[in-house]
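Student: The structure is given below, and queries will be raised subsequently.
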Amino acid sequence: SGLTRLQEQFPVVECRNYNSLDREVSALVDDFAIGYDLTMHLIGTGKTRVAFSHLHEGIRNLPHSKERYRGYLAALGERHLEPAAEYNLDQAGAEDVMLKDAGEKWDALIFPEPIAQIGDFQQALIAAGHDIPNHVAIASLGDGLYAQAAGVSAMRQPLEAIARGSLFLLDSLMNERLSVKESMQLRFKPALMVRDSTKNDSHMQRH
């Protein structure tokens, strides 16, 4: 890749949020764990019909999105569960369909990122008579102000650890303790931020 060629000439470390098989030096978050850990958390609160929503195809086909989705499927498979439903947030009326399916097709819904409408969707669920999180739960694969403001559980990337790891790799390249003849990746674990949108009675009993 272009980055590989650049790294052969200069000490360059990439900070990114997806996995690569290219011969590169990079620090990244474990995206598989983002999907896996969040899905396992939802299952652990008693939810057995976990649905997944996607952004547009361009983002859905990026390596980090594929890894998160693969983690979601792996968690379901370990518990002998099937995906409850899948939604494309770019399609017109997608939120109306998700709202209609709540409690019927799904009892937990994963958003791909903390998108602006996540709070509005949560309020629409409440207005429709759904008990959050005991009846239905929502969560996000990415943390941010929208998820925090709405009290939505989310996966937080370890940005400080990635920054420290990147500096370590850069120093190693500059001092020739590391070369790019082989891939070198530091992969960091994301953190689950449990908030009101998934913190039901069964979760509280176990913790």
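Student: On the basis of being modelled with pLDDT under 90 and under 23 Å from residue 192 (Cα atoms), does residue 151 make the cut?
Tutor: no
Student: Does residue 37 fit the bill of being acidic (Asp, Glu), over 30 Å from residue 163 (Cα atoms) and in a helix (DSSP H, G or I)?
Tutor: Against the criterion (acidic (Asp, Glu), over 30 Å from residue 163 (Cα atoms) and in a helix (DSSP H, G or I)), residue 37 does not qualify.
Student: Among the numbered criteria (1) open to solvent by less than 30 Å² (accessible area, probe 1.4 Å); (2) more than 20 Å from residue 158 (Cα to Cα); (3) modelled with pLDDT of 95 or more, which one does residue 38 miss?
Tutor: (2)
Student: Can you find even one residue in the range 160-177 that is touching a strand residue (DSSP E or B) at 6+ places or on another chain (Cβ under 7 Å) and in a loop (DSSP other than H, G, I, E, B)?
Tutor: No, the range 160-177 has no match at all.
Student: Could I ask something else about it? Mind checking which pairs have a first residue in the range 167-188 that is modelled with pLDDT under 70 and a second that is buried (at least 16 other Cβ atoms within 10 Å of the Cβ) and part of a strand (DSSP E or B), Cβ under 8 Å, 6 or more apart or different chains?
Tutor: Taking only residues 6 or more apart or on different chains, the pairs are 178/25; 178/184; 180/25; 183/25.
Student: Let me spell it out: the conditions are (1) under 20 Å from residue 108 (Cβ atoms); (2) without any contact (Cβ under 8 Å) to a residue 60 or more places away in the chain, and residue 160 meets all of them except one. Which number is the exception?
Tutor: (1)
The values are calculated or read from the model by the stated rules, or taken from the named source; none is laboratory data. The shown structure was predicted, so the numbers you read here are calculated from the model rather than taken from an experiment. For neighbour counting, all protein chains shown are included, and Cβ atoms are generated from backbone atoms with ideal geometry for every residue, glycine included. Keep in mind that these areas ignore ligands, DNA and RNA; they rest on the heavy atoms of the full protein, side chains included. Shrake-Rupley method; radii C 1.70, N 1.55, O 1.52, S 1.80 Å.
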